[in-house]
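Asks: First, the structure itself, so that you have it in front of you.
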Amino acid sequence: MCDCQKSDLTKLSAVLKKYADVPGSLITILQKAQDIYGYLPTDVMYHIAEKTGNTPAKVIGVATFYTQFRFQPVGKYLILLCQGTACHVNGSERIADTIREELGICDGQTTEDGLFSLKHVACLGCCSLSPVMMINDETYGSLTPAKVREILTELKNKA
């Protein structure tokens, strides 16, 4: 969890002004920081610790406990591929294979052009649409390998 570049910490000023003194707001601050930076850079977590009166260990501990937080930049399109029971039974592995074939990435990786990142998740809560994936805020269900190829091609062309 090492970053070589320094983040523009002024981007977080409004968030810290609003929440730094509010008890129990650490997760909210981390969520808003991730919205701002796209992930949680190490220097940002240290800054949050300093401004909230927490230790860096506490801030990093909370951030690493929850799977919603990322510690590396992600691509323009973040693919969340459901691996829940319904999706698994209905072919999520075929979908993962298709994404791997089309984009050349596996779980936790980002394409070299920075366009796509893939993250396997335990459940997206859309079991009736299985197998399902989310790309950014859009849900795609009843997936087949052909449908996945079509979606990825459309997004590549849009970019």
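The values are calculated or read from the model by the stated rules, or taken from the named source; none is laboratory data. This one's a predicted model, so the numbers in the text were calculated from it and none came from an experiment. Cβ: placed from backbone, ideal geometry, glycine included. Neighbour counts: every protein chain shown.
Asks: When you scan the stretch 45-57, do you find a residue that is among the charged types (D, E, K, R), assigned to a helix (DSSP H, G or I), under 30 Å from LEU129 (Cβ atoms) and not assigned by TED's automatic domain parsing to the domain that holds GLY104, even just one? Before you say what the answer is, go through the steps one by one.
Replies: Residues of the stretch 45-57 that are among the charged types (D, E, K, R), as a first pass: 50-51.
Filter again for assigned to a helix (DSSP H, G or I), leaving 50-51.
If we keep only those that are under 30 Å from LEU129 (Cβ atoms) too, we end up with none.
There is no residue in the stretch 45-57 that is among the charged types (D, E, K, R), assigned to a helix (DSSP H, G or I), under 30 Å from LEU129 (Cβ atoms) and not assigned by TED's automatic domain parsing to the domain that holds GLY104.
Asks: Looking at GLU138, GLU93 in this structure, which one is closer than 24 Å to LYS32 by Cα, surrounded by fewer than 17 Cβ atoms within 10 Å (Cβ to Cβ), of a type outside the set (Phe, Trp, Tyr) and outside the structural domain of ALA33 (by TED's automatic domain parsing)?
Replies: Of the residues listed, the single one that is closer than 24 Å to LYS32 by Cα, surrounded by fewer than 17 Cβ atoms within 10 Å (Cβ to Cβ), of a type outside the set (Phe, Trp, Tyr) and outside the structural domain of ALA33 (by TED's automatic domain parsing) is GLU138.
Asks: Working carefully through the options LEU16, LEU40, find the one that is at pLDDT 95 or above, in a helix (DSSP H, G or I), closer than 17 Å to ASN54 by Cβ and out of contact with any strand residue (DSSP E or B) (no Cβ under 8 Å at 6 or more places or on another chain).
Replies: One residue alone meets the criteria, LEU16.
Asks: Now, a different point. Filtering the stretch 1-55 down to residues that are basic (Lys, Arg) and in contact with a helix residue (DSSP H, G or I) (Cβ under 8 Å, 6 or more places away or on another chain), which residue is farthest from ARG70 (Cα to Cα)?
Replies: Step one: filter the stretch 1-55 for residues basic (Lys, Arg), giving 6, 11, 17-18, 32, 51.
Filter once more, so that each one left must be in contact with a helix residue (DSSP H, G or I) (Cβ under 8 Å, 6 or more places away or on another chain): 6, 11, 32, 51.
Details: LYS6: 17, LYS11: 18, LYS32: 12, LYS51: 21 Å.
Across the stretch 1-55, the extreme among qualifying residues is LYS51.
Asks: Name the pairs: first residue in the stretch 72-96 and among the polar types (S, T, N, Q) and in a loop (DSSP other than H, G, I, E, B), second residue crowded, with 18+ Cβ neighbours inside 10 Å and modelled with pLDDT of 95 or more, Cβ to Cβ under 7 Å, at least 6 apart or on different chains?
Replies: As it stands, the answer is GLN83/SER92; ASN90/SER130; ASN90/PRO131, since those pairs meet every condition given.
Asks: Can you list residue pairs whose Cβ atoms sit under 7 Å apart, with the first residue in the stretch 123-145 being under 17 Å from GLY75 (Cα atoms) and the second being at pLDDT 95 or above and among the aromatic types (Phe, Trp, Tyr)? Count only pairs 6 or more apart in sequence or on different chains.
Replies: Listed by first residue and then by second, the contacts come to MET133/TYR140; ILE135/TYR77; ASN136/TYR77.
Asks: Scanning for something among the acidic types (Asp, Glu), out of contact with any Ser or Thr (no Cβ under 6 Å at 6 or more places or on another chain) and closer than 20 Å to LYS147 by Cβ, does the stretch 87-100 turn up at least one residue?
Replies: Among the residues of the stretch 87-100, at least one is among the acidic types (Asp, Glu), out of contact with any Ser or Thr (no Cβ under 6 Å at 6 or more places or on another chain) and closer than 20 Å to LYS147 by Cβ, which makes the answer yes.
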